[in-house]
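The next block holds one structure in the form of structure tokens; read it before the comments.
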Amino acid sequence: MNALQPWHIIVLVLVVVLLFGAKRLPDAARSIGKSMKIFKAETKDLTGDNKASHEDSEPAETRHLPQATVPPATAPVNSDQQVADLQRQLDELKKQQAAAPVEQAQKNAS
């Protein structure tokens with residue numbers, strides 16, 4: 001009597017499509033699939049499966065890259081130079097951002 005009938009499913013699908021839109025549904029399904037894959041890999045890891053198969057099944061987004069090591073003799077010299085270069089680039093970007101609204105206003109005015 002209260003069983004789920006085929007027309008119930010059709011109405012439910014139509015409501016979901018109307019609420020979320022047909023363009024968002026594939027993205028949502030993809031993200032749910034990725035989440036399920038990660039969840040499955042983590043549960044396998046908890047049950048004690050070998051670690052090599054876990055690394056292969058883990059998505060590339062969650063893998064950690066090894067950190068690069070800098071020789072200690074050249075680290076202070078290079079880091080000072082890098083800090084100076086980064087500061088200079090930051091100053092240039094700030095100047096560009098400050099000039100951008102003025103240029104945009106001039107383009108809009110003409």
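The values are calculated or read from the model by the stated rules, or taken from the named source; none is laboratory data. Since the structure is predicted, the reported quantities are computational estimates derived from the model, not experimental observations. Heads up, the Cβs are rebuilt from the backbone with ideal geometry, glycines too, and the neighbour counts pull from every protein chain shown.
Taking the stretch 12-52 as the range and being among the charged types (D, E, K, R) and within 22 Å of the chain's Cα centre (by Cα) as the test, the residues that pass are LYS23, ARG24, ASP27, ARG30, LYS34, LYS37, LYS40, GLU42.
Considering every residue within the stretch 18-31, establish whether at least one is assigned to a helix (DSSP H, G or I), surrounded by 10 or more Cβ atoms within 10 Å (Cβ to Cβ) and at pLDDT 90 or above. Yes, the conditions are met somewhere in the stretch 18-31.
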